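The values are calculated or read from the model by the stated rules, or taken from the named source; none is laboratory data. Treat the numbers as computed from the prediction; the structure is a model and nothing was measured. A quick note on method: Cβ atoms are made from the backbone with ideal geometry, for glycine too, and the neighbour counts reach across all protein chains shown. Quick note on the areas: whole protein, heavy atoms, side chains included, nothing else; ligands and nucleic acids left out. Shrake-Rupley method; radii C 1.70, N 1.55, O 1.52, S 1.80 Å.
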Amino acid sequence: MVMLKASALEEFVRDIFVKAGCSPEEGARVGKYLVAANLTGHDSHGVVRVPRYVQMKNDGLITADQKVSIEVETPVLAVVDARYGFGQTAAPQAVQLGIDKCRKNGLSAIALRNAGHIGRVGDWAEMAAEADLVSVHFVNAAGSILVAPFNAVERRFSTAPYCVGVPRPGKPPLVLDFATSVVAEGKVLVASKGGKKVPDHALIGPAGRMSGDPHLLYGDYDPRGGRDYKSGPGAIRAFGDHKGSGLAFMCEVLGGALTGTGAATPGRRFANGMLSFYIDPGIVDPKNFLPEELTRFVDWVKTAKPVPGEEVLVPGEPEARMRAKRLAEGIPLPDEIWQSLVDTAREVGLDERRIQSAAM
Ligand code: NAD
């Protein structure tokens, strides 16, 4: 296990992406958001993605420093085409547009289409919450067919995340942010590289047997080589029986079909689509009822008697705690993930002294 300070890891990732052909600003953004995912404990959406992002860029599947285009615009809504640019470049622009429109109108909707991987969706809800706005996000990943619907053993959905953010004055926002599969694909990726295991009901084999074995997703793989999620005979399971599977379905419909990205059907290029709604509580709630009611409600929820050995938490609390801990203690990276970063840094031609200094 290697421990790194968040700032050092951000800078290392930035330097890899700059060497791979991104501008320093884009490299810094990719570093910032990937490390932010590690800080919140979502290692699946953190720096483990670096080799895959670089590969996608080299294969022409993501374009560096791409300019988004606004395809449709009214005072309250917009359709933003990321044109297969990095998600870390396109998503903040789409969210900022939603914030600006919501500030003027009290409500806005933004359909983001054809974005490179936008990472942890909670980042975008947190950006809206920093602007004192509530937000709701339906996301899909076209070209990434991974998840079996309820009662199926074959893949039909992406891991299609759903996210809601609610700001709280003077306190961290409430952020519910999850894949509509039992686990995000990145968690299977981390498990396949020696990190935390996934639950033994997370995956399903062709005969309907549940398992936590990453080979069901990736097939046979060399421990130090790449992973191809198209190679495995099984699927990740949709969470929450028919209800979770229904939410996944609607993330495909709203985040994929309605945004113009396309739902997770065969033959599509990888892209995230995100349909986001923004609401200004300052306009909905001029008497400022919400902040105190949130305090009362959160206290009420958290004082429920826990099951033995557990604690009752509210959405966003585990991430806020982990962020504080990892900012103080550093980010732990399994050796294999660290090695994959070092290998990628060498592949893009980063100076050997720079590589050696990264983990100090
Ligand atoms: P998860 O299963 O860890 O669930 C996270 C959510 O549950 C958070 O809102 C968290 O605050 C809450 N939570 C966790 N433990 C809790 C507890 N004990 N009590 C109360 N609430 C608790 O998340 P996941 O499904 O593994 O998703 C991980 C990340 O992957 C998310 O950030 C998601 O946006 C991202 N993702 C992205 C894509 C993409 O295509 N960009 C696809 C899938 C997932």
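Accessible surface calculations at 1.4 Å, restricted to protein heavy atoms, place the chain at 46 Å² per residue. Look at the Cα gyration tensor of region 195-237: its axes a ≥ b ≥ c give a/c of at least 1.5 with a/b at or below b/c, and that counts as oblate.
Rounded to the nearest 20, the size of the Cβ-charge dipole of the chain about its Cα centre is 200 debye, with Lys and Arg at +1 and Asp and Glu at -1. Note on TYR229: accessible area approximately 30 square angstrom, rounded to 10, probe 1.4 Å, nucleic acids and ligands left out. Beyond 29 Å in Cα-Cα separation lie the following of the pairs LYS57/LYS104; LYS193/LYS243; LYS32/LYS67; LYS67/LYS101; LYS197/LYS243; LYS5/LYS230: LYS57/LYS104; LYS193/LYS243; LYS5/LYS230. Ignoring ligands and nucleic acids, what accessible area does ASP335 show with a 1.4 Å probe (Å², nearest 10)? Result for ASP335: roughly 90 Å² accessible. Ranked by solvent-accessible area (1.4 Å probe, protein heavy atoms only, all chains present), the residues TRP124, TRP338 order from largest to smallest as TRP338, TRP124.
By the rule of a C-alpha distance below 15 Å, with chain neighbours fewer than 8 residues away ignored, the aspartates and glutamates paired with LYS187 are ASP43, ASP177, ASP200, ASP213, ASP228, GLU336. Surface composition of the chain: carbon plus sulfur atoms hold 57% of the accessible area, using a 1.4 angstrom probe and ignoring ligands, DNA and RNA. Sorting the segments 2-11, 344-353 by their mean number of nearby beta carbons within 10 angstrom, highest to lowest, gives 2-11, 344-353. Phi-derived couplings, Karplus 6.51 cos²θ - 1.76 cosθ + 1.60 at θ = phi - 60°, listed residue by residue for region 137-154: 9, 10, 10, 9, 10, 4, x, 10, 8, 10, 10, 7, x, 3, 6, 10, 10, 9 Hz, with x used for Gly and Pro.
Annotation: aspartates and glutamates with alpha-carbon distance below 18 angstrom to LYS19 (same-chain offsets under eight excluded): GLU10, GLU11, ASP59, ASP65, ASP343, GLU347, ASP351, GLU352.
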